[in-house]
Amino acid sequence: MRGGLSQIIMKTKTSRSAAQSEPTEANIRECAYQLYADSDLSNGHDVEHWVDATAILQAEAVRAMTNNSR
C-alpha cells in the first residue's frame, strides 16, 4: 500500500468513532482520489477507484472492530 493511501486510512480510523463502522462519503472520496493519484492520474477508472476505496475502508473498519472486540 502506498504512503498516501495508508495515511488516508489512518486518518479515517482516527476520525471514526468505534460505533461507526461504515466509512463516510468524504472518506471514500479522499481514498479514491489517492488511488487515482497513485495510478499516475490515469483517467477512466473513477468507478474502479471508488469501489476499491470503499472496499479498502470497509475492510479496515472490520479489522478495527475485530481488534477492538478482543
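Quick look at the numbers
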read-out	value
Single condition Ala53 does not satisfy, out of (1) open to solvent by 90 Å² or more (accessible area, probe 1.4 Å); (2) modelled with pLDDT of 95 or more	(1)
Members of the stretch 19-50 found to be assigned to a helix (DSSP H, G or I) and either open to solvent by 70 Å² or more (accessible area, probe 1.4 Å) or among the charged types (D, E, K, R) (or both), listed by number	Glu25, Arg29, Glu30, Tyr33, Asp38, Asp46, Val47, Glu48, Trp50
Filter result (of a type in the set (A, V, I, L, M), more than 9 Å from the chain's Cα centre (by Cα) and modelled with pLDDT of 90 or more) within the stretch 8-44	Ala26, Leu35, Ala37, Leu41
Considering residues of the stretch 56-65 that are more than 17 Å from Gly4 (Cβ to Cβ) and open to solvent by less than 60 Å² (accessible area, probe 1.4 Å) only, the residue modelled with the highest pLDDT	Ala59
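The values are calculated or read from the model by the stated rules, or taken from the named source; none is laboratory data. These numbers come from a predicted model, not from an experiment. We place every Cβ from the backbone using ideal geometry, glycine too, and count neighbours over all the protein chains shown. Heads up: the accessible areas ignore ligands, DNA and RNA and are worked out on the full protein's heavy atoms, side chains in. Shrake-Rupley method; radii C 1.70, N 1.55, O 1.52, S 1.80 Å.
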